[in-house]
Amino acid sequence: MGYLKRSLLQIIPSLLILTLIVFALVYVAGDPVSQMLPENATAEDRAILTEALGLDEPFHIQYLQYLGDMIRGDFGTSYQYQEPALELVTERLAATLTLSLMALSVAIFISIPLGILAALKRNTVIDFLVSGISVVGKAMPNFWIGIMLILFFAVMFPIFPVSGADSPLHFVLPSITLGVALAAEMTRLVRASVLEVIEQEYVQTARSKGQMESIVIGKHVFLNSLIPVVTIIGLQFPQLIGGAIVVETVFSWPGIGRLLLTAIETSDMAVVQAIVFVIALITIVVNLVTDIIYRVLDPRIKYN
Amino acid sequence: MKHKISFSKQLKNIGSRILELSTPLGMIGLITVSIIVILAIIAPWVVPHDPFSMDATKRLTPPFWMDGGSSTYILGTDHVGRDLLSRLIYGSRVSLLVGLLSVLIAGIIGLFLGLLSGYFGGSWIDQSIMRVVDAMLAIPTLLLVLVAIVVFEPGLVTLILVIGLTSWAQYTRLVRGEVLSVKEREFVQSAKTLGASNTHIISKHILPNVLSSFIVVATIGIATAIMTESSLSFLGLGVQPPDITWGSMLNDGRNYIATSWWIATFPGLAITVTVLAITFLGDWLRDILDPKLKKGGDDDDE
């Protein structure tokens, strides 16, 4: 448990720095007073509101107040919606997380068979083909993939709906769009990790004992090659969420990505701050969880 | 003194090794990137049409090989009748500019902090730098950039600064790791024993040895920055009209995808080809400059 405690303690400075960065940005940007008041407001009106919001305090006092509010779960109220910012975010979080998890499943479903295949057929046409596809997959911008999928599977062959999140069919195109880049990254990794595992002693031993090749691959190679995949999920998670923001726009997905864009366009800083904080927290938790799974899966790594 | 090779000598070696080590993919990358760079520079003189001039009578003209296409507008026109090919060529200027300059900013910050953090490894300087790096890496770069865009007016300069200032953490982490291994080597230790100053050791002994892996990662970083720029421009938060970018062209084309597929298709292809070419170039540079990055081992014995 010592390891877990240490990891949890390391999260705290990271989160503090993060809140400081976001707060400093908002402090520099901040002119919520002009946003909230009508254009014909007098200087006196402004002064009253500034004081009421505590914006006349020095930077460090404001930051401490902000931290205190945050610990109580108060991220402020959205000007736009007149609702608590955190509630707005949590309401839409499920849609974004579902999309991300579906994309992750797509990536796993594509990358593990392809990666294993490429490694087993190393330096053959199949291997080059798989590597080629994964390099191209990483180079395509996700919003373009989304638009091209809409072109082929919603316009030319109207199979899937273009926007919204009402039925299982709505999930198909957005999940593939978001999953492609991750699938490309993971395919390369699975290939490399299978190649490494194949060379290991225990696989050679299993082979020399006369075990069937399919058992060797299934039992030893497959399971062990999953270990680095777990790590990459943790490492790639920020990119996945970042991608979700863009993909949600393409498919009018009702998640926090669209909430964020609206908040940015209207300078709704309470919502922006709440979103950044929630995403960072999720990322850190995902990293911690994948790290623990990694240690459980690989007996060679000790907790301390 | 096998370890200490001057940078100019390294460059000379690289020159001869380019010929020796040319690979098909590396050459494709190098040539494609060169063509894109040259086109971007000479864009005003080579575009077939004025990329800004609108012509309502010519709007939504398809590419030349389709029904209704014309050989004057090879790749067709957009929703206000502007020539797509000319706009694509102009679009490369913004992408390359943002890519190069933002990586320059991120690289300088990342290199400086990485050298500091690695050289004073374990000290409070190292600890505090690495905590900031952890925090920066915990949030998606795109999200950081988006937040920063709220603060400053969207535009070319903002975009370069913001991408540069939010993407340095990965360079710091890389350089720190390299420095940690280089500083244990014999020639650094002996320089220390001889009483050389920290600045001297860092600039003369450590920097030259971490530079090659840094260049490789920075090259790939240009591709990432171009992706970020395109995403932001696609969302309408990047470079603003009338400046032309591939991302905003794609955004224009999105609304016409059901009738005029070419408007959104070609800018996306341009981004993909550019990113792919830079990736090939980067992979190849790694093979030439820094074989150990690929093998994952230490080349101390060479």
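The values are calculated or read from the model by the stated rules, or taken from the named source; none is laboratory data. Every value quoted in this text rests on a predicted model; they were computed, and no experiment measured them. Glycine also receives a Cβ, built like all others from the backbone with ideal geometry; neighbour counts cover every protein chain displayed. Please note that ligands, DNA and RNA were not included when accessible areas were found on the heavy atoms of the full protein model with its side chains. Shrake-Rupley method; radii C 1.70, N 1.55, O 1.52, S 1.80 Å.
Give the residue, chosen from A:I133, A:I116, A:I147, that is touching a helix residue (DSSP H, G or I) at 6+ places or on another chain (Cβ under 6 Å), within 14 Å of chain B (Cβ to nearest Cβ) and assigned to a helix (DSSP H, G or I). Don't jump to the end; show me each part of the working.
Details: A:I133 fails: touching a helix residue (DSSP H, G or I) at 6+ places or on another chain (Cβ under 6 Å); A:I116 fails: within 14 Å of chain B (Cβ to nearest Cβ).
Criteria check complete, one pass: A:I147.
List pairs: first residue in the range A:71-95 and among the charged types (D, E, K, R), second residue outside any helix (DSSP H, G or I) and modelled with pLDDT of 85 or more anywhere in the structure, Cβ distance under 8 angstrom, at least six positions apart or on different chains.
Pairs that qualify, where the first residue is among the charged types (D, E, K, R) and the partner is outside any helix (DSSP H, G or I) and modelled with pLDDT of 85 or more, are A:D74/A:P84; A:R92/A:P254; A:R92/A:G255.
Taking the conditions exactly as written (of a type in the set (D, E) and buried (at least 24 other Cβ atoms within 10 Å of the Cβ)), does B:D83 satisfy them or not? Please lay out each step first, then the result.
Numbers: of a type in the set (D, E): yes; buried (at least 24 other Cβ atoms within 10 Å of the Cβ): yes.
Yes, satisfied.
I'm checking my understanding of the structure. Among residues of the range A:261-298 that are acidic (D, E) and more than 10 Å from every other protein chain (Cβ to nearest Cβ), which one is surrounded by the fewest Cβ atoms within 10 Å (Cβ to Cβ)? Steps first, please.
First, the residues of the range A:261-298 that are acidic (D, E): A:265, A:268, A:291, A:298.
Subset that is more than 10 Å from every other protein chain (Cβ to nearest Cβ): A:291, A:298.
On the way: A:D291: 17, A:D298: 13.
Within the range A:261-298, the match that is surrounded by the fewest Cβ atoms within 10 Å (Cβ to Cβ) is A:D298.
Would you check if B:G68 is of a type outside the set (S, T, N, Q), at positive phi and open to solvent by 60 Å² or more (accessible area, probe 1.4 Å)?
Working: of a type outside the set (S, T, N, Q): yes; at positive phi: yes; open to solvent by 60 Å² or more (accessible area, probe 1.4 Å): yes.
For B:G68, the condition - of a type outside the set (S, T, N, Q), at positive phi and open to solvent by 60 Å² or more (accessible area, probe 1.4 Å) - is met.
Can you pull out the residues in the range B:165-181 that are open to solvent by 30 Å² or more (accessible area, probe 1.4 Å) and hydroxyl-bearing (S, T, Y)? It would help to see each step written out before you state the result.
Quick first cut of the range B:165-181, residues open to solvent by 30 Å² or more (accessible area, probe 1.4 Å) only: B:165, B:170, B:173-174, B:176-177, B:180-181.
Within the range B:165-181, B:S181 is the sole residue that qualifies.
In the range B:256-269, how many are part of a helix (DSSP H, G or I), open to solvent by 10 Å² or more (accessible area, probe 1.4 Å) and facing chain A (nearest Cβ under 10 Å)?
2
So in the range B:127-147, with the set limited to residues that are more than 8 Å from every other protein chain (Cβ to nearest Cβ), touching a Lys or Arg at 6+ places or on another chain (Cβ under 9 Å) and open to solvent by 10 Å² or more (accessible area, probe 1.4 Å), which one is nearest to B:L113 (Cα to Cα)?
By that ranking, first place goes to B:I129.
From the list B:G236, B:G247, B:G253, exactly one residue is at the interface with another protein chain (Cβ under 10 Å from one of its Cβ atoms), at pLDDT 90 or above and more than 15 Å from the chain's Cα centre (by Cα). Which is it? Write out each step before concluding.
Numbers: B:G236 fails: at pLDDT 90 or above; B:G253 fails: at pLDDT 90 or above.
Being at the interface with another protein chain (Cβ under 10 Å from one of its Cβ atoms), at pLDDT 90 or above and more than 15 Å from the chain's Cα centre (by Cα) holds for just one of B:G236, B:G247, B:G253, which is B:G247.
For residues in the range A:20-34 being in contact with a helix residue (DSSP H, G or I) (Cβ under 9 Å, 6 or more places away or on another chain) and modelled with pLDDT under 70, which is nearest to the other protein chains (Cβ to nearest Cβ)? I'd like the intermediate steps shown before the answer.
Here is the first cut: in the range A:20-34, the ones in contact with a helix residue (DSSP H, G or I) (Cβ under 9 Å, 6 or more places away or on another chain) are A:20-30, A:32-34.
If we keep only those that are modelled with pLDDT under 70 as well, we get A:29-30, A:32-34.
Numbers: A:A29: 4, A:G30: 9, A:P32: 12, A:V33: 16, A:S34: 14 Å.
So the residue we want is A:A29.
Identify the residue in the range A:1-19 that is over 25 Å from A:Q62 (Cα atoms) and open to solvent by less than 30 Å² (accessible area, probe 1.4 Å) and, among all such residues, is modelled with the lowest pLDDT.
Here the residue is A:Y3.
Anything in the range A:70-110 that is buried (at least 21 other Cβ atoms within 10 Å of the Cβ) and farther than 30 Å from A:T187 by Cβ? List them, or say none.
Scanning the range A:70-110 gives A:F75, A:S78, A:A85, A:L86, A:L88, A:V89.
Only one of B:T141, B:T166, B:T158, B:T172 is among the hydroxyl-bearing types (S, T, Y), within 29 Å of B:L281 (Cβ to Cβ) and modelled with pLDDT of 90 or more. Can you tell me which? Let's see the steps before the verdict.
Values: B:T141 fails: modelled with pLDDT of 90 or more; B:T166 fails: modelled with pLDDT of 90 or more; B:T158 fails: modelled with pLDDT of 90 or more.
Criteria check complete, one pass: B:T172.
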